[in-house]
Each structure stands twice: as structure tokens, then as C-alpha cells.
1. Restricting to region 100-129, name every residue that is closer than 22 Å to HIS31 by Cβ, in contact (Cβ under 8 Å) with a residue 12 or more places away in the chain and within 16 Å of the ligand (Cβ to nearest atom).
2. So for region 82-91 (the condition being more than 11 Å from the chain's Cα centre (by Cα), among the acidic types (Asp, Glu), surrounded by fewer than 17 Cβ atoms within 10 Å (Cβ to Cβ) and within 16 Å of the ligand (Cβ to nearest atom)), does at least one residue qualify?
3. Which residues, taken from region 53-74, are touching a residue at least 40 places away in the same chain (Cβ under 8 Å) and away from the ligand (no atom under 16 Å from the Cβ)?
4. All but one of (1) of a type in the set (S, T, N, Q); (2) in contact with a strand residue (DSSP E or B) (Cβ under 8 Å, 6 or more places away or on another chain); (3) away from the ligand (no atom under 16 Å from the Cβ) hold for ASN50, so report the exception by its number.
5. Considering only region 8-27, state which residues are exposed (fewer than 13 other Cβ atoms within 10 Å of the Cβ) and touching a residue at least 40 places away in the same chain (Cβ under 8 Å).
6. In region 28-54, what count of residues is obtained for those that are surrounded by fewer than 17 Cβ atoms within 10 Å (Cβ to Cβ), hydrophobic (A, V, I, L, M, F, W, C) and in contact with a Lys or Arg (Cβ under 9 Å, 6 or more places away or on another chain)?
7. Find all pairs meeting these conditions: Cβ atoms under 9 angstrom apart; at least six residues apart or on different chains; first residue within region 28-45 and on the phi > 0 side of the Ramachandran plot and at pLDDT 95 or above; second residue part of a loop (DSSP other than H, G, I, E, B) and near the ligand (Cβ under 10 Å from one of its atoms).
8. Sort out which residues of region 95-114 are part of a helix (DSSP H, G or I) and surrounded by fewer than 23 Cβ atoms within 10 Å (Cβ to Cβ), and write them in order of number.
Amino acid sequence: MEDLYQEIILDHYRNPQGRGLREPFEAQVHHVNPTCGDEIDLRVHVEERNGVPTVADISYEGQGCSISQASASVMYDSLVGLSAEEALASLGRFQHMIQSRGQEAGDEETMGDAVAFAGVAKYPARVKCALLPWMAWKDALARATEGAEHD
Ligand code: ZN
């Protein structure tokens, strides 16, 4: 299992999904994980679909360790196309698993490739690496939806 998970993480690291900064976007953030030196620039594009705010795109550029870079790719795959509410729920599941110190294996049915990071939860130093892109996205989403309310 651990080997399979490492393979998934390496695969996303080598072939990152959705990488690159794109237009249009409503908010852009820059987040840093000083412990490891990981950095990410991330843009979020939210669109109303059937009256529901939907994550239409997440585009990003990053540098740092394989965990942080792979996590950004997995996050892109996991969240794009979901409603903002579903995407926040996915973030909640990922955060819960990664902060469980290895107690929570994660549910592959609802989490997809994100369960590959379950093993990372056992290494407190790497938890911030895995969370970096997800927290950057949460921040960007909050800014994007805040802006929409003032329009
Ligand atoms: Zn890192």
C-alpha cells in the first residue's frame, strides 16, 4: 500500500495536473512553507453554474519538495469542477486525514488520489508541505467569494 501511494505521489510530481497560471481568475495568492522552503502562487476561478458557485479552475506555479508539488496536482484533480461547498468539504476530509497523525487512512471512494497522502500524516514535518496548496486554495477562494459579494 505504501509503495502504491508513493508511486501516486511521484506520478503527480512528475506529471503535474493543471500546472501554470491561467486567465480568467478572481483571486491570486502566494503562500510559503518556511519550514521546507515550498512556495506556491495560486489563482482561483469561480463560476456560477446552475446558480451554484463552482470551482471552474485552479491554476498554480510552485516550487519545493515533491510532497508539496504533488499535493498541488492532486488538489487540482480533486477540486476542479466541484461546487465551492463540495470542494470545501473535500478540503476538510483531506485536512482531517493529514492531521490525524496516521490514525485516519482516508476514504478512496470520496478522496481519490488524495488518500495517497495518508502516510505523510505520520511525519509532522511534512504535513505542512502537503497542506500548503490546499490552504492557499482556501485563502484564494475566500478572497474570490468576498469580492463577488461586493460587486
Ligand atoms: Zn516541503
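The values are calculated or read from the model by the stated rules, or taken from the named source; none is laboratory data. Everything numeric here is computed off the predicted structure, so don't read it as measured data. Cβ: placed from backbone, ideal geometry, glycine included. Neighbour counts: every protein chain shown.
1. ALA116, PHE117, VAL120, ALA121, PRO124, ALA125, ARG126, VAL127, LYS128, CYS129
2. No, because not a single residue in region 82-91 is more than 11 Å from the chain's Cα centre (by Cα), among the acidic types (Asp, Glu), surrounded by fewer than 17 Cβ atoms within 10 Å (Cβ to Cβ) and within 16 Å of the ligand (Cβ to nearest atom).
3. If the condition is that a residue be touching a residue at least 40 places away in the same chain (Cβ under 8 Å) and away from the ligand (no atom under 16 Å from the Cβ), then PRO53, VAL55, ILE58, SER59 are the ones that fit.
4. (2) is the only condition that ASN50 fails.
5. ASN15, GLY20, LEU21
6. Residues in region 28-54 being surrounded by fewer than 17 Cβ atoms within 10 Å (Cβ to Cβ), hydrophobic (A, V, I, L, M, F, W, C) and in contact with a Lys or Arg (Cβ under 9 Å, 6 or more places away or on another chain): 1 in total.
7. GLY37/GLY64; GLY37/CYS65
8. GLN95, HIS96, MET97, GLU108, GLU109, THR110, MET111, GLY112, ASP113
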